1. Please work out, to two decimal places, the log10 of the ratio I(q)/I(0) at q = 0.17 Å⁻¹ from a Debye calculation in which every Cα of region 6-107 carries one identical scatterer.
2. Take MET72, MET92 and order them by how many other Cβ atoms sit within 10 Å, fewest up front.
3. Charges only on Cβ, +1 for Lys and Arg, -1 for Asp and Glu: so what's the dipole of region 6-107 about the Cα centre, in debye to the nearest 20?
4. Please say if region 158-253 is rounded, prolate or oblate, where rounded means a/c under 1.5 for a ≥ b ≥ c the square roots of the C-alpha gyration tensor eigenvalues, and otherwise the choice is prolate for a/b larger than b/c and oblate otherwise?
5. So how do LYS253, LYS95 line up by other beta-carbon neighbours within 10 Å, fewest first?
6. Provide VAL85, VAL5, VAL22 in ascending order of the number of other Cβ atoms located within 10 Å of each residue's Cβ, fewest first.
7. List the pairs from LYS173/LYS212; LYS40/LYS253; LYS177/LYS202; LYS25/LYS91 whose alpha-carbon separation is above 25 Å, in the order I gave them.
8. Which stretch or stretches of region 1-43 have amide N atoms under 16 Å from the point lying 7 Å from GLU88's Cα along the Cα→Cβ direction?
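What follows draws every value from the coordinates through simple rules; no lab data is involved. Computed from a prediction, not measured in an experiment: that's the story for all the values here. All Cβ positions, glycine included, derive from the backbone under ideal geometry; neighbour counts span all protein chains shown.
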Amino acid sequence: MTRLVFIQNGQAVTDSLIMADVFKKAHDDVLRDIRTQIEKLNAAGETEFSLRNFAESSYRNERGRDYPKFDMTEDAFAIVAMSYVTPEAMKMKVKFLNEFKRMRNNLTINTQSLSPELQMFNHMFQAVAKVELENSQLKNDVNAVKQQLDNQAEILALNPTEWRKKVRSLLNKIAQKRGGHDAYSEVTNESYELLEQRGRYKLGTRQENIKKRMALEGVAKSKIDKISRLDAIAENSRLTEIYLAIVKEMAIKYSVKVD
């Protein structure tokens, strides 16, 4: 039987892989549901709650490739599972919540039977442990912010020359965070739409104009057919700068890293 809840850093948690398995959903769909709830929490001003209860990490599949997953507290699980309302899903939710309760009980130490001296030492130990945990969390938060700032600096430093490969890489990583490789077209189209809005250009028109010019110049049709919207962007330096700025903003928004 799939293990529903496990202990991590002294806390009962589950993860998106377990949820996907138990609720018989594609993992990408569960990731999408989680990110949707996180976005709603952030929009409601509950960013601290989402940071405290959702932890994005990764796992390695049987082929040795790393993919994203989320670890979730009981509160986070309850928020995500709230939308799963089939009779079978309700049964699974009850099992999860009962397992969370059981794991919490296992973590709870009955100190009432201890002598006053031992109870005093227990309180002292808990106070020291709390301070150490807070200091450790603060250090982790500082390191996380530093890594984020370093990554943002790398993204902002992308050079307008030789930029295509890195742009494709960033868009692919954004797509992975938005549901997997199938989201690449959606993310790419979104970046083009933002460019058309901000730059007031019609990429399709520019693309067709390039093809017509090449045809007049006698360029082979096979080469003309390969002209993309990215080629239309690359032909204009101002358009390239605007597009790079848009992709950088998207990369920072989704906290993706430059290779």
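1. -0.80
2. Numbers: MET72 24, MET92 17.
With the sparsest Cβ surroundings first, the list reads MET92, MET72.
3. Values: 16 positive and 16 negative charges, 63 e Å.
With Lys and Arg at +1 and Asp and Glu at -1, about 300 debye.
4. Values: a/c = 2.06, a/b = 1.69, b/c = 1.22.
Prolate, because a/c is 1.5 or more and a/b exceeds b/c.
5. Working: LYS253 10, LYS95 14.
Least crowded to most crowded, the residues run LYS253, LYS95.
6. Numbers: VAL85 9, VAL5 23, VAL22 18.
Fewest-to-most ranking of VAL85, VAL5, VAL22: VAL85, VAL22, VAL5.
7. Details: LYS173/LYS212 34 Å; LYS40/LYS253 15 Å; LYS177/LYS202 28 Å; LYS25/LYS91 15 Å.
Result: LYS173/LYS212; LYS177/LYS202 exceed 25 Å.
8. Under cut-off, by backbone N: 2, 19-27, 30.
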